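All of the numbers you see were taken from the coordinates with simple rules; none came from a lab. From a predicted model like this one, the values you see are computed outputs, not experimental measurements. Positions of Cβ are backbone-derived with ideal geometry, glycine not excepted, and every protein chain shown enters the neighbour counts.
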Ligand SMILES: *Cc1c(COP(=O)(O)O)cnc(C)c1O
């Protein structure tokens, strides 16, 4: 299996090269040359464990890796999870909640970043060399990425966060990791400033090569690949208990990485009736799926900060398929978007149903599930549930059976305890997070200045 760029100007590369490449040199994102069809394999996969299933799915995409190596990486990556099933599905009212937060940092990002961290280590062991990861975070990605590579040989990780602007728990989760290869930088600026610094440094290709810079954000194909597995896994679990032949998924969406995995899985042949795309007030994606217009607004802060995003980096991958894999047209659309902040496409996509869950609905949904079912949703998951309720099991005709809805639960509620308290009057706890209260931390403050960041990188990586 080879990987190509959405913009069509890159020679196809193997899986391991795709992982190291991150963003394609032509500015596009990497995708498999073609998507394997799994229709006939499904029946044989239904009784597999999460890890066995991950192996079957991933091996279709990782043809330059020996089977035993892939198996070993999968075992290692999910051995850090606190749930034996890795991603258990629980029934709450009429919904099926797919809990994706049993990893070490209690957010769904662990599913991909535990795997990516081990994969980086594996590639460096095989090929030699070193990797310096540079990332910017508003919270969840930083701690999951740090946790994925802490203590690993030949890898350093530098994570910039906006000083004083992440939640106290998120900051503690990052800065309490004291391994020698972990560098937390508190930047005197906003998240946008951090992201801008990162993009500007990555844009200097000579510097990027000289210092072996690598990326952990969701432009990396391995992250999308790791996220396809739980769509299969949860389908089988819900099929077991309902007998359903089809399901629909509700996905709280920010950068379009999580739901993109669902889209690819549907193309591969998993019977998905609908993908319900849920946004908060930062609704560029729900507007797009309802109108065909993709136009940037201002980012507003909400109770679901990991979805406070306007420009969704993985949207380009979807758009590539939507316009019939026409790289020239895609490049034109993306260039136009970079210039004007807007693009539009014809027609519609029946696989998607999209909606917005605002702050009041988010709080009401947390309150309702807490009161009626004694189940606490985190605010991101609550956005997905609020929007799912608007579309729940909707059959196109009265004679059609209702379709079970699987809601992706993307974080443990205790990570966002202020929202939980606001909704329910109670404090959400998790023993791992409670432990952080007295944890020792390490972090360097730094100016919002690219030259300072570069000097810092150079001083810590000089050998
Ligand atoms: C990152 C994140 C999301 C959004 O996922 P995308 O892949 O960016 O769409 C939703 N919820 C939580 C808790 C997250 O950390």
Over all directions, how big on average is the projection of the convex hull of the alpha-carbon atoms in the stretch 104-196, in square nanometres? 5.7
Post the alpha-carbon centroid distance, the stretch 83-111 to the stretch 226-266, in whole angstrom. 12
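What is the packing order of peptides 123-129, 89-95, taking the mean over residues of other C-beta atoms within 10 Å and listing the highest first?
Numbers: 123-129: 12.1, 89-95: 16.1.
The packing order, highest mean first, is 89-95, 123-129.
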Once you keep just the Cα pairs under 8 angstrom separated by 6 or more residues, what percentage relative contact order results for the stretch 295-388? 26
Evaluate the distance, in nm, between pseudo-label points positioned 7 Å from the Cα of residue 364 and of residue 432 along their respective Cα→Cβ axes. 3.3
Under the 0.36 nm per residue contour assumption, what length would be gained going from the current alpha-carbon distance of residue 460 and residue 287 to full extension? 57.9 nm
Could you list log10 I(q)/I(0) for the stretch 353-463 at q = 0.11, 0.16 Å⁻¹, which the Debye formula gives when each Cα is one point scatterer? -0.59, -0.82
If the viscosity is 1.306 mPa s and the temperature 10 °C, what translational diffusion coefficient in µm²/s does Stokes-Einstein give for the stretch 145-199 when Rh comes from Kirkwood over Cα pairs? 135
So how do 253-265, 356-368 stack up, highest first, on mean other-Cβ count within 10 Å? 253-265, 356-368
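Using the Kirkwood formula over every pair of different C-alpha atoms, what hydrodynamic radius in Å results for the stretch 107-160? Don't jump to the answer; show the numbers that get you there.
On the way: mean 1/r = 0.0893 Å⁻¹.
Over the stretch 107-160, the inverse of the mean reciprocal pair distance is 11.2 Å.
Considering every pair of different Cα atoms, what Kirkwood radius, in Å, is found for the stretch 189-270? Each step should come with its number before you reach the end.
On the way: mean 1/r = 0.0645 Å⁻¹.
Result for the stretch 189-270 stands at 15.5 Å.
Tell me, 194, 147, 443, 407 in order of fewest to most beta-carbon neighbours within 10 Å? Numbers along the way, then the final one.
Numbers: 194 26, 147 22, 443 16, 407 30.
If I rank by nearby Cβ atoms, fewest first, I get 443, 147, 194, 407.
If I take all pairs of Cα atoms in the stretch 1-117, what percentage of them are more than 16 Å from each other?
Details: 4632 of 6786 pairs.
Above the 16 Å cut-off, the stretch 1-117 has 68 percent of its Cα pairs.
Relative contact order for the chain using alpha-carbon pairs under 8 Å, separation at least 6, rounded to a whole percent? Write down the numbers at each step before the final one.
Working: 882 pairs, mean separation 84.1, N = 463.
Normalised by residue count, the contact order of the chain is 18 percent.
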Please work out the C-alpha center-to-center distance from the stretch 281-311 to the stretch 329-378 and express it in whole Å. 7
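Normalised by the number of residues in the stretch 213-275, what is the relative contact order in percent for Cα pairs under 8 Å and 6+ residues apart? Don't jump to the answer; show the numbers that get you there.
Values: 45 pairs, mean separation 24.9, N = 63.
Once normalised by length, the contact order is 40 percent.
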How much of the calculated P(r) for the chain lies past 35 Å, in percent of all Cα pairs? 26
May I ask for the distance between the Cα centers of the stretch 151-213 and the stretch 1-15, given as a whole number of Å? 28
Theoretical FRET efficiency, 1/(1+(r/R0)^6), r = Cβ-Cβ of residue 206 and residue 323, R0 25 Å, to 0.05: 0.15
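Of all beta bridges DSSP finds with both residues in the chain, what is the antiparallel percent, to the nearest 5?
Details: 12 of 47 bridges.
So the antiparallel bridges amount to about 25 percent of the total.
Arranged from highest to lowest average of other beta-carbon atoms within 10 Å per residue, in what order do the peptides 333-346, 299-312, 4-17 appear? Kindly include the intermediate steps, with their values, before the conclusion.
Values: 333-346: 14.0, 299-312: 20.1, 4-17: 17.9.
Sorting 333-346, 299-312, 4-17 by mean packing, highest first, produces 299-312, 4-17, 333-346.
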